[in-house]
1. Going highest first, how would you order B:74-87, B:164-177, A:20-33 by mean Cβ packing within 10 Å?
2. So what is the relative contact order of region B:63-117, in percent, for Cα pairs below 8 Å that sit 6 or more residues apart?
3. To the nearest 10 degrees, how steep is helix A:54-63 against the longest Cα principal axis of chain A, on a 0 to 90 scale?
4. Short version: ³J(HN,Hα) in whole Hz for each residue of region A:173-179, in order, from phi by Karplus 6.51 cos²θ - 1.76 cosθ + 1.60 (θ = phi - 60°), x for Gly and Pro, what are they?
5. Between residue A:152 and residues 5 or more places away or on another chain, which pairs have amide H atoms under 5 Å apart, with H built 1.01 Å from N, and which residues are they?
6. Taking every DSSP beta bridge with both residues inside chain B, roughly what % is antiparallel (nearest 5)?
7. How far is the Cα center of region A:1-42 from the Cα center of region B:262-277, in Å?
8. Could you check which residue among A:166, A:143, A:19 shows the biggest mean-square fluctuation in a GNM of chain A with a 10 Å Cα cutoff?
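Coordinate-derived values only; no laboratory data. Keep in mind that this is a model prediction, so the values were computed, not measured. Here Cβ is always computed from backbone atoms with ideal geometry, including for glycine, and neighbour counts include all displayed protein chains.
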Amino acid sequence: MFGGLKVAIIDYGMGNLFSVKRACDAVSLNAEITNDRKKIINSDGVLLPGVGAFGDAIENLRKLDLIGAIKDYIASGKPFMGICLGMQLLMGESEEFGIHEGLKIFPGKVVKFPPTDSEGKKIKVPEIGWEGIYSNRNNWGNSMLKGIDQNEYMYFVHSFYVVPDSKEIILSLSKYEGIEYASSLSKDNIFACQFHPERSAEKGLIIYRNFAQSLKIGGNDDK
Amino acid sequence: MKNIRIIPRLDIKGPNLVKGIHLEGLRVLGKPEKFAKFYYENGADELIYMDVVASLYNRNSLHSIVERTSKEIFIPLTVGGGLRTIADIRDVLRAGADKVSLNTAAINDPDIIKKASKIFGSSTILVSIEAIKQPDGRYLAYTDNGREFTGFDVFDWAVRVAELGAGEIMITSVDREGTGEGYDLELTRRVSEIVPIPVIACGGAGSIEDVKNVIVQGKADAVSLASVLHYGVVGKYGINDDFAEEGNIEYLKRGRQSSRVTPGKLDELKTFLITNKINCRGKGGKI
C-alpha cells in the first residue's frame, strides 16, 4: 500500500530497533534500519527511536555525523516521528548525569522522575508499564493519535520525561504515581511520543498507520 | 497508583510450552506461539519466554520461536534462559525479543549487567533471581532452575543488581513455583521494598486471589503467572494434538487438569483486580 515510499529508522546504537521495524512491516511500511545520512535525508519518513542514556545518544549521533542530517530532514517538512529517547533528544537539554545539550528542535528540557511522590512515598524508576494518554485540547482528531480513544493505554519505559517551554506543542498527557507529564508532542511535521507505539498492541499500530498515511499525503504535496 | 502489569510466563523446552513443579518435572502443554498469541489477544501486558533447558538444546529452536512470535504480537517480549554473553543477548534481541532475562550469567559475572545495560539500555536488562528459603529463614539465590547453590543472599544480590543498572528484577520463589500455594509474599515484599526499580513476582500462583495478595501484601509492581493461565487455556480448548511429539506428553494425553491450581483467564483476572481497586490495563480500568 505504501510500497513506493521509504522510511528510515535511524540506527545510532541506542537500543533495540527491531520492534520498530516489525511495527512498520505490520502496516506495510517499507522501512530500513540505517545510519546513512543520504538515505535519511532522502527518505519519505523518518523514525528516531532509542532507549538508553541521553548523553551517550547525542555523542553517538555526533560521531555518526547525523545531527545535521536529522535537522535538515526535519526542516524539509517531511513526516518525522521520535519515540521514547528519540522524543527526548528533540529537546533543548537534559539533566541526565549532568547537563547535556539536545537537538534543540523544541525549547525545553528533559527531567528525571523524583525518587518520592508528593506524600513522600518511594517511586519505582524506571516507569515500566501501561498508562492512559489524554488531553483537554481538541487537536487530537487531526494528529497522529487520530482513531485512538482518550485515556487509551500505551506502553511506557522511561526514567525521564520532557518539559517543553511551550505547552502548545503538548498533544497528550499521562500520569505516573501522581506525576503528570507530556506523553506526546506535535508540531508541524513532527510527532514525538514518550511511549512505545510498537509495543502498545493494536492501538499503538494505529499510530504507525497514521504515520504511513501522513507520508502519502506529504508525498503528494511534493509532486 | 500505577497500573500493575500481568505477565504470562511461558517456559519452553525445545519446540514446546512446558510447565513443571519447583521448575522440575516438565509437562508438555502445547506450542508456545499459540499460547502467546492467545494471551496477546486477551490483554496480556507483556510476555516472558523462558528456555528452561537452554544449555542442553540448540538455540536455533528458541530463536525461531521468538522470531515467529514477534511478528504477531506487539507487546513487550522478554526472553531468558541460557544467555551467557553480550553476543547471546544481541542475537535474541535481533530475533525479536524486547528484553532479556539474566540469571546464571549475572551471578558468574555481575559486570555483565553493567555492560549489557550500557549497550542495550537498562530497560532491556531484567535480572531473574531464583530464591530458596533456608531452614534458618534466610533466602539464598540459586541458578539452573533452583539446582545450583550460589551462596548469594537474595536481598544483597537484589540491591547490587539494581546498582549495576538492571531495569527490573524478577523474583521467583523456587519453593512455591508450580505448587499453586500462592506467591511467597514476604520474599516479594522485602525485595520490592529494598530496590528502587520495578519487581516482578513469580512462582506459586494457584488462583487469581493469589495475584491480588502479591500485589497488595507483596508490593509487586508486576506479576508473572503460568499454570493458572495455561491450564485455563488447556481446559477451555481441550487437548490440542498440535504439539511436537517430544518430552512428557502423558499429561495432555490423559486430558487431566492440574489439581493444584484453579484455572483462570486473563480478562477475568483483570476484572477481579479492578474490582479490588488494583489498577491495571483492562476493561473498566481506564483512568
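1. B:164-177, B:74-87, A:20-33
2. On the way: 56 pairs, mean separation 20.4, N = 55.
The value is 37 percent.
3. Here the helix axis deviates by roughly 30 degrees.
4. 10, 9, 9, 10, 6, x, 9
5. Answer set, sorted by chain and number: A:133.
6. Working: 14 of 44 bridges.
Bridges in chain B that DSSP calls antiparallel: roughly 30 percent.
7. Region A:1-42 and region B:262-277 have Cα centres spaced 39 Å from each other.
8. The residue with the greatest mean-square fluctuation here is A:166.
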